[in-house]
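Student: Supplied in structure tokens, the structure appears directly below.
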Amino acid sequence: MPPEYQVKTAPASADYNEIVPKAKDLEVRLQRTEQQLRLFQKVSRFMVRDMTLQEVLQGIVAMVVEFTECDSCLVYLCDREHLVLCASNTPHESQIGRVRLKLNEGLTGWVARERRLLAISREAYKDPRFKYFGELPEDSYESFLSAPVIARNRVVGVINVQYRQAHQHSGGEMELLTTLGEQVGCALALARIEPQLLETINHAELVLSSFVPAGPAPAARSRA
């Protein structure tokens with residue numbers, strides 16, 4: 001065969017070297033998605049158990065730390081114009097209920113005020129919005145990821161994830177914390193209902209009382 005008609009094929013090893021890393025990357029992503037799904041399932045089970053709200057929050061915090069491998073997870077809840085530290089994975093027992101900041105203070109206050117996720121991969125303490133507390137070791141942590149806690153379309157708190165070292169937050173981590181903020185909001189809303197009241201409420205009537213039936217279908221036009 002003349003040289004100009006000869007077809008050069010790449011060695012089979014080249015294709016193998018390209019396919020294997022892609023397959024491994026896909027496998028890792030699938031495993032991470034499965035872990036994320038299991039986390040959401042565990043949080044949902046916490047919400048339907050007969051537990052105190054403090055136990056639910058501490059359980060969620062522990063699961064977030066296990067999944068993200070972060071160094072700190074803090075939950076702040078709204079008390080009128082302030083945010084109050086209510087749950088933590090680190091030994092802040094003396095600070096629970098005592099650390100407070102206004103909605104216009106710090107990175108946490110910004111998240112609550114703007115109703116937006118905030119991700120800072122390094123030197124979070126240098127951000128102009130940062131507020132120094134002194135009582136919390138997290139003041140010196142490099143990385144900061146925070147999402148609002150939402151209940152019935154209202155911000156009722158903030159959940160923070162922090163790392164001592166710089167950390168590039170993935171899209172999956174951001175999505176995870178956003179969803180957890182919504183789940184914590186649901187837990188807060190459910191906590192306002194007494195368990196005994198749940199048994200006496202007419203749930204069907206509750207739904208149907210807000211049901212707006214569709215109007216009559218428009219009459220068909222006759223064709224002359």
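Bear in mind that the values in this text are calculations on the coordinates, not laboratory data. The shown structure was predicted, so the numbers you read here are calculated from the model rather than taken from an experiment. Every residue, glycine among them, receives a Cβ derived from its backbone with ideal geometry; neighbour counts consider all protein chains shown.
Student: Identify the GluC sites (Glu not before Pro) of the range 61-157 meeting these criteria: DSSP loop state and at most 10 other C-beta atoms within 10 Å of the C-beta.
Tutor: Filter output for the range 61-157: GLU69, GLU81, GLU93.
Student: Over the residues of the range 22-191, compute the C-alpha Rg and express it relative to 2.2 N^0.38 Å.
Tutor: Details: Rg = 15.5 Å, N = 170, 2.2 N^0.38 = 15.5 Å.
This ratio for the range 22-191 stands at 1.00.
Student: Counting other Cβ atoms within 10 Å, which trypsin sites (Lys or Arg not before Pro) in the range 45-126 have at most 11 and lie in a DSSP loop?
Tutor: When the trypsin sites (Lys or Arg not before Pro) of the range 45-126 are filtered for loop state and at most 11 Cβ neighbours within 10 Å, ARG49, ARG80, ARG98 remain.
Student: Hey, got the Cα dimensions of the range 109-158 along the principal axes, in Å, largest first?
Tutor: That works out to 34, 22, 15 Å along the principal axes.
Student: Another question, then. Which one, LEU39, VAL99, GLY134, is farthest towards the positive end of the dipole of the range 22-191 when Lys and Arg carry +1 and Asp and Glu -1 on their Cβ?
Tutor: Toward the positive end, the furthest listed residue is LEU39.
Student: Given a Förster distance of 22 Å, report the FRET efficiency between ARG152 and GLU205 from their Cβ-Cβ distance, rounded to the nearest 0.05.
Tutor: It comes to 0.65.
Student: For GLU175 and TYR125 in the same chain, what is the full-extension length gain: residue separation times 0.36 nm, less their Cα-Cα distance, in nm? All intermediate terms of the calculation are to be shown ahead of the outcome.
Tutor: On the way: separation 50, 0.36 × 50 = 18.00 nm, distance 2.34 nm.
Length difference between fully extended and current span is 15.7 nm.
Student: Looking at the range 135-173, which trypsin sites (Lys or Arg not before Pro) are DSSP coil and have at most 13 other C-beta atoms within 10 Å of their C-beta?
Tutor: Taking the range 135-173 and a limit of 13 other Cβ atoms within 10 Å, the loop trypsin sites (Lys or Arg not before Pro) found are ARG152.
Student: Distance from a point 7 Å along Cα→Cβ of MET51 to each backbone N in the range 152-172: keep the residues under 20 Å and list them by number.
Tutor: So the set is 157-161.
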